[in-house]
Structure formats: C-alpha cells, structure tokens
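Peer 1: One structure coming up, written as structure tokens, with questions to follow.
The values are calculated or read from the model by the stated rules, or taken from the named source; none is laboratory data. Everything quoted here is computed from the prediction, not taken from an experiment. Note: ideal-geometry Cβ built from the backbone for every residue, glycine included; neighbour counts use all protein chains shown.
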C-alpha cells in the first residue's frame with residue numbers, strides 16, 4: 001500500500017501573493033498620506049479579482065492610480081507587474097523595506113487626492129463580480145521608477161515601480 005501527499009503549492013502561492021499585494025497597496029496608501037478607508041472597504045472585491053486572475057494566470061499587473069478628484073488629473077501611480085514561472089530558490093518573501101523606502105522617496109500626496117486600483121488582465125479572462133473595464137489617466141509628464149522584485153511567491157512574483165513627475 002502506498003500513500004501519496006499532494007500539496008498544491010500554486011494555490012498557496014496565489015494566496016500568499018494576493019495577501020502581500022493587498023498589504024503593500026494599503027501601506028503605500030497609508031504612508032503616502034491618504035486614507036486607507038476606501039481601500040479596506042473594497043478589500044473583498046480586490047482580493048477576489050487578484051486571486052481569481054492570478055489563479056487563472058490572466059493577471060498582468062495591479063496598479064494604484066492616484067488622482068486629483070476635482071481635475072481628474074493623475075498625481076501618481078504604483079505598478080505591480082506580475083510574472084509567472086520559476087523565480088529563484090522557491091522561497092516566499094516580500095521586501096517591505098524597499099517599498100517603504102520608495103514611498104518616502106516618492107513623497108506624500110495631498111490628502112484630498114482620490115485613488116483607485118486597476119487590474120490589467122489578458123484578453124478572454126474569466127469575469128469576476130465587482131470588476132469592469134476602464135482606462136488609465138495619462139502619464140504624460142511622468143517617469144517610471146523601477147524597484148525590481150518586491151514580492152516573490154514561489155512561481156509568482158511582482159516587479160514593482162512607481163510613477164513620479166518629471167522635474
């Protein structure tokens with residue numbers, strides 16, 4: 001008689017990366033001078049979309065777009081580009097220190113700014129309740145600053161970047 005144990009590490013990776021992504025976004029919002037109240041209220045919808053599209057391998061990136069609610073003009077943006085496949089030693093980690101360093105480097109946003117989370121997905125991805133199509137605000141006058149990998153979930157990782165105004 002043989003006994004087999006199967007561990008679904010990909011499912012564990014999806015859960016890990018989803019949780020770390022949400023916590024990183026909340027930290028960016030909070031440390032950048034904005035209220036995380038709206039983000040926390042939308043947590044379930046965000047979690048459902050990120051985890052469903054990570055699981056189906058349709059998620060390409062997660063974006064935090066910050067804008068002036070009166071002019072609808074972009075103030076700043078953070079991007080978490082998603083990479084599937086082997087990403088090193090099989091460990092699971094998040095580099096919160098690097099994220100916090102770049103939050104301080106990017107500076108705080110005016111507290112009257114609004115924000116939204118946008119997910120970019122592959123065409124033909126399954127629908128997830130609470131999500132619809134949208135378009136990005138213009139990044140004209142901004143430059144993208146890459147941090148490198150900040151989340152690694154044993155087969156799923158993120159390349160993180162933020163957008164700052166050109167000076």
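Peer 1: Find the residue count for segment 43-65, including only residues that are assigned to a helix (DSSP H, G or I), over 12 Å from residue 82 (Cβ atoms) and in contact with a strand residue (DSSP E or B) (Cβ under 8 Å, 6 or more places away or on another chain).
Peer 2: Of the residues in that region, 2 qualify.
Peer 1: Out of everything in segment 142-163 that is part of a strand (DSSP E or B) and touching a helix residue (DSSP H, G or I) at 6+ places or on another chain (Cβ under 6 Å), what residue ends up being modelled with the lowest pLDDT?
Peer 2: Checked segment 142-163; the qualifying residue modelled with the lowest pLDDT is 153.
Peer 1: Right, next: Take the residues of segment 74-103 that are in a helix (DSSP H, G or I) and either modelled with pLDDT under 90 or in contact with a strand residue (DSSP E or B) (Cβ under 7 Å, 6 or more places away or on another chain) (or both): which is surrounded by the most Cβ atoms within 10 Å (Cβ to Cβ)?
Peer 2: 99
Peer 1: Something else about it: Quickly run through segment 108-123 and pick out the residues that are at pLDDT 95 or above, part of a loop (DSSP other than H, G, I, E, B) and surrounded by 12 or more Cβ atoms within 10 Å (Cβ to Cβ). Show your work before the answer.
Peer 2: Pass one, segment 108-123, residues at pLDDT 95 or above: 113-123.
Checking which are part of a loop (DSSP other than H, G, I, E, B) leaves us with 113, 122-123.
Of everything in segment 108-123, just one residue is at pLDDT 95 or above, part of a loop (DSSP other than H, G, I, E, B) and surrounded by 12 or more Cβ atoms within 10 Å (Cβ to Cβ), namely 113.
Peer 1: Can I ask one more? Out of (1) touching a helix residue (DSSP H, G or I) at 6+ places or on another chain (Cβ under 8 Å); (2) farther than 16 Å from residue 131 by Cβ; (3) modelled with pLDDT of 95 or more, the odd one out for residue 43 is which?
Peer 2: (2)
Peer 1: Hey, another quick one. Could you tell me whether residue 139 is free of Cβ contacts under 8 Å to residues at least 40 places away in the same chain, within 25 Å of residue 38 (Cβ to Cβ) and assigned to a loop (DSSP other than H, G, I, E, B)?
Peer 2: No.
Peer 1: I need every pair where a residue in segment 1-25 that is closer than 30 Å to residue 115 by Cα has its Cβ under 6 Å from the Cβ of a residue that is at pLDDT 85 or above and part of a loop (DSSP other than H, G, I, E, B), sequence separation at least 6 or different chains.
Peer 2: 13/154; 13/155
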